[in-house]
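A short reminder: the numbers here are calculations on the coordinates, not readings from a lab. Every value quoted in this text rests on a predicted model; they were computed, and no experiment measured them. Cβ: placed from backbone, ideal geometry, glycine included. Neighbour counts: every protein chain shown.
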Amino acid sequence: MDRCGGAAARLPESGRKDLAIQVLAGTETVSDLAAQHGVSRKFVYAQTGKARAVLDDAFLAASPQNDVLFNLAVTKTWLHQVIVALPLICHSSYRGVIEFIRDLLGVSISVGAVHDALQSAARQGGFINGAEDLSCIRVGLHDEIFQGSKPVLAGVDAASSYCYLLVAEPHRDADTWGVHLLDASARGLKPDHTIADAGQGLRAGQRAAWGDTPCHGDVFHILSQCAGLANTLARLAKGAASRRHKLQARIDRGCRGQDDDLITELALARLDEAQACWLARDIRMLTQWLNHDVLALAGPVLATRRLLFDFIVEELTRRVSAGVNP
């Protein structure tokens, strides 16, 4: 052991490199090289490991993935832009913004700093939006969305998706809508018509602010209600079928003393099942026609759509008149 240790210490740097190169090249075995140079196998492995690590670092540094694409000057203004962009583009939380800035840029910021940056951007955005000319908007889309339990009044240009109204209010009554629509009118907003749901405050506010400007119903809510009705009727039909199956099973088991009553109940259950299935099938078909043939973006011409719509309304009315009220 002393002889090997001394030989290793006396081996020059060039000799150690040659030793590692020969091992990596596979020209000699580790045992033969150790014997030739009077060193231990452990020493040969150690030199080989050092050489392999240096080669790996050299190839990694030469990889195109590590080339510097560009240099970015990180200023306070740029950090402010990142803080605002992360919640708006990536839907990040305040804590997520803090972690991003800390882990990737090594900068520590507080929750209050994130809040202040977003509030400042909102005030600046409101000032810019308040100076926009809205006279080119021909169709306005109005709705009420909610931040928690607080209503937010929203207005969007149908052609460009530009949001000309987005304000949180404690109420969504006619007066609140009317005030904001009048403010928009002062910036030139006078659409040919609007599209909205059946919200009473929304529609009453528009009538108060814009008089006879038409407010057409939106497609989403009527399709959503029709889909809900069709799904409810399908569940009722499934329940009627289940009740009929249970009665049929009791009769098949041969319950004594109740055969006549069970047979009567079974006949009524079959009638209920047939009626429920028939109604569910018809309503599902009518709602699909409404969705795909009447209200779809691509489809028949307007005259054909109106005929189909009148037919669907007539069919629904006929079923209600016949006493089949879902």
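General remarks:
- Sub-6 Å Cβ pairs linking a first residue in the range 135-156 that is at negative phi and part of a strand (DSSP E or B) to a second residue that is buried (at least 16 other Cβ atoms within 10 Å of the Cβ) and of a type in the set (S, T, N, Q), at least 6 apart or interchain, are G140/T194; H142/T194, ordered by first then second residue.
- Checked against the criterion of being aliphatic (A, V, I, L, M), under 28 Å from A122 (Cβ atoms), in a helix (DSSP H, G or I) and touching a Phe, Trp or Tyr at 6+ places or on another chain (Cβ under 8 Å), the range 20-34 contains not a single residue that satisfies it.
- Of all the criteria given as (1) among the small types (G, A, S); (2) in a helix (DSSP H, G or I); (3) surrounded by fewer than 15 Cβ atoms within 10 Å (Cβ to Cβ), the one not satisfied by A280 is (3).
- Residue in the range 224-235 that is closer than 25 Å to I195 by Cα and in a strand (DSSP E or B) present: no
- Restricting the range 95-106 to residues that are of a type in the set (A, V, I, L, M) and surrounded by 12 or more Cβ atoms within 10 Å (Cβ to Cβ) leaves a set whose member that is nearest to V74 (Cα to Cα) is L105.
- Residues that are of a type in the set (S, T, Y) and touching a helix residue (DSSP H, G or I) at 6+ places or on another chain (Cβ under 8 Å) within the range 272-326 comprise just one, T287.
- Filter result for S92 (surrounded by 13 or more Cβ atoms within 10 Å (Cβ to Cβ) and outside any strand (DSSP E or B)): yes
- For A234, the test of being surrounded by 12 or more Cβ atoms within 10 Å (Cβ to Cβ) and at negative phi is passed.
- Of the set (1) surrounded by fewer than 18 Cβ atoms within 10 Å (Cβ to Cβ); (2) over 28 Å from I128 (Cβ atoms), all apply to Y162 but (2).
- When N129 is tested against (1) surrounded by 11 or more Cβ atoms within 10 Å (Cβ to Cβ); (2) farther than 21 Å from L202 by Cβ, only condition (2) is not met.
- Among the conditions (1) more than 26 Å from L166 (Cα to Cα); (2) among the aliphatic types (A, V, I, L, M); (3) in contact with a helix residue (DSSP H, G or I) (Cβ under 6 Å, 6 or more places away or on another chain), L104 misses just one, which is (3).
- Figure legend. Inter-residue proximity from the range 276-300: first residues at positive phi, second residues aromatic (F, W, Y) and part of a helix (DSSP H, G or I), beta-carbon distance below 8 Å, spacing 6+ or different chains. No pairs are indicated.
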